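Working notes, beginning with the structure itself.
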Amino acid sequence: MSSTDGKRPRVLLLGAIEHAHSAWASIGEIADILTPKSTSRAAFLEEAASGAFDGCVAAYRTFDSFDVTGKVDGELLGALPRSLRFICHNGAGYDQVDVQACMAHGIRVSNTPTAVDDATADIGIFLLLGALRNLAVGMAALRAGKWRGSPAPPLGHDPQGKVLGILGMGGIGRNMAKKALAFGMKIRYYNRTRLEPGVEEELAAEYVGFDELLAESDVLSLNLPLNKDTRHIISRQEFAKMKKGVVIVNTARGAVIDEAALVEALDSGLVSSAGLDVYEQEPNIHPGLISNPRVLLVPHMGTWTVETETKMEEWAISNLRMAIEQGRLRSIVPEQQNM
Ligand SMILES: O=C(O)C(=O)CO
């Protein structure tokens, strides 16, 4: 999408490039890069309305740019220039971007699928094992100078032979299944669409109904995107259908679980332990999770590795490059497949 008036195309950088510096430098060779001065949403809206970003055809955005711009919604899009045609999000989950509002403005959105799969599933397995083994209890006691603590943490459980229920069988869910198989777990899953028979066979994954998944899982792993249909997909009535002593693992988005309901289920002993990487109101965490030693907490570090963060940036930049040069995206979000 090179400019027709002979000027170089303009792109907007929302957030920072931390790793893929040479890929980003190559964008500088084909486009002028604009960066906002604002540090709050109100200031950003004003800056955009003043025409500071006029002519931009595409924006690259990071998860952390939310701290400045807030959600990419109708209000924000209304302030951005009408020339904007593409938003290239760095991340697999794109719940910070209102895709419907983007469609109403004729803007196409991309994310970074597959780049995150290994690292996110790795942290999922870490949380699964850590929660099964009550590691958070022992680790906190040790740091407090009390060795294993008194009383010692309850004995944990082995993953071998346990049922891992995977809710959401996209790239991360499938990766998690593959890794959990190596620990001898039995894989059940629920997903809007069933996997191809060959893939099911390869993962030894049994497709079950949603309620069956809740009722039969020893460990329930949340691996689905957050959207209006999945917000609080696990709440009080779903916890009530689970096995007593179930372990919950969430590396997806905090709000797929009703956090207050999770705290109640932990307090009542219905949920024996949980391993969490994501929270409803990041960076604020429900006090009932912080104070519960049976919850293994990680501060949204699912993709926090040099290799994966680099891969994600490179992927998002490749979308931006394609948007500038070809007027299309490498990985448009599923809702816009036909746009
Ligand atoms: O890719 C994502 O959506 C993430 O949350 C990265 O941790």
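The values are calculated or read from the model by the stated rules, or taken from the named source; none is laboratory data. Fair warning: this is a prediction, and the values are worked out from it, not measured in the lab. No Cβ is skipped: glycine too gets one built from the backbone with ideal geometry, and neighbour counts run over all protein chains shown. Note: areas computed on protein heavy atoms with side chains; ligands, DNA, RNA excluded. Shrake-Rupley method; radii C 1.70, N 1.55, O 1.52, S 1.80 Å.
Can you pull out every residue in the range 92-110 that is under 12 Å from the mean Cα position of the chain (by Cα) and either in contact (Cβ under 8 Å) with a residue 40 or more places away in the chain or more than 14 Å from the ligand (Cβ to nearest atom) (or both)?
Of all residues in the range 92-110, those under 12 Å from the mean Cα position of the chain (by Cα) come to 92-96.
Passing the criteria: 92, 93, 94, 95.
Among 285, 290, which is the only one that is touching a Leu at 6+ places or on another chain (Cβ under 8 Å), assigned by TED's automatic domain parsing to the domain that holds residue 223 and surrounded by 14 or more Cβ atoms within 10 Å (Cβ to Cβ)? Working first, answer last.
Numbers: 290 fails: surrounded by 14 or more Cβ atoms within 10 Å (Cβ to Cβ).
Checking each option against the conditions leaves just 285.
Identify the single condition in (1) more than 16 Å from the ligand (Cβ to nearest atom); (2) closer than 26 Å to residue 157 by Cα; (3) crowded, with 20+ Cβ neighbours inside 10 Å; (4) not aromatic (Phe, Trp, Tyr) that residue 302 does not satisfy, given that it satisfies every other one. Looking at each condition in turn, residue 302 falls short on (1). If I ask for residues that are surrounded by fewer than 17 Cβ atoms within 10 Å (Cβ to Cβ) and away from the ligand (no atom under 16 Å from the Cβ), which ones from the range 54-67 would you list? Of everything in the range 54-67, just one residue is surrounded by fewer than 17 Cβ atoms within 10 Å (Cβ to Cβ) and away from the ligand (no atom under 16 Å from the Cβ), namely 54.
Rundown of residues vs (1) of a type in the set (Gly, Ala, Ser); (2) within 26 Å of residue 283 (Cα to Cα); (3) more than 12 Å from the ligand (Cβ to nearest atom); (4) open to solvent by 40 Å² or more (accessible area, probe 1.4 Å), yes/no style:
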{"residue": "52", "(1), (2), (3), (4)": "yes, no, yes, yes"}
{"residue": "70", "(1), (2), (3), (4)": "yes, yes, yes, no"}
{"residue": "75", "(1), (2), (3), (4)": "no, yes, yes, yes"}
{"residue": "90", "(1), (2), (3), (4)": "no, yes, no, no"}
{"residue": "125", "(1), (2), (3), (4)": "no, yes, yes, no"}
{"residue": "131", "(1), (2), (3), (4)": "yes, yes, yes, no"}
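Being surrounded by 14 or more Cβ atoms within 10 Å (Cβ to Cβ) and either modelled with pLDDT of 95 or more or over 18 Å from residue 272 (Cβ atoms) (or both): is that true of residue 202 here? Break it down into steps so the answer makes sense when it comes.
Details: surrounded by 14 or more Cβ atoms within 10 Å (Cβ to Cβ): yes; either modelled with pLDDT of 95 or more or over 18 Å from residue 272 (Cβ atoms) (or both): yes.
Yes: the conditions hold for residue 202.
Taking the condition part of a loop (DSSP other than H, G, I, E, B), away from the ligand (no atom under 12 Å from the Cβ), more than 24 Å from residue 163 (Cα to Cα) and open to solvent by 10 Å² or more (accessible area, probe 1.4 Å), does residue 228 pass?
Numbers: part of a loop (DSSP other than H, G, I, E, B): yes; away from the ligand (no atom under 12 Å from the Cβ): yes; more than 24 Å from residue 163 (Cα to Cα): yes; open to solvent by 10 Å² or more (accessible area, probe 1.4 Å): yes.
Spelling it out, residue 228 is indeed part of a loop (DSSP other than H, G, I, E, B), away from the ligand (no atom under 12 Å from the Cβ), more than 24 Å from residue 163 (Cα to Cα) and open to solvent by 10 Å² or more (accessible area, probe 1.4 Å).
The residues on offer are 159, 154, 113, and the sole one that is away from the ligand (no atom under 16 Å from the Cβ) and touching a residue at least 24 places away in the same chain (Cβ under 8 Å) is 159.
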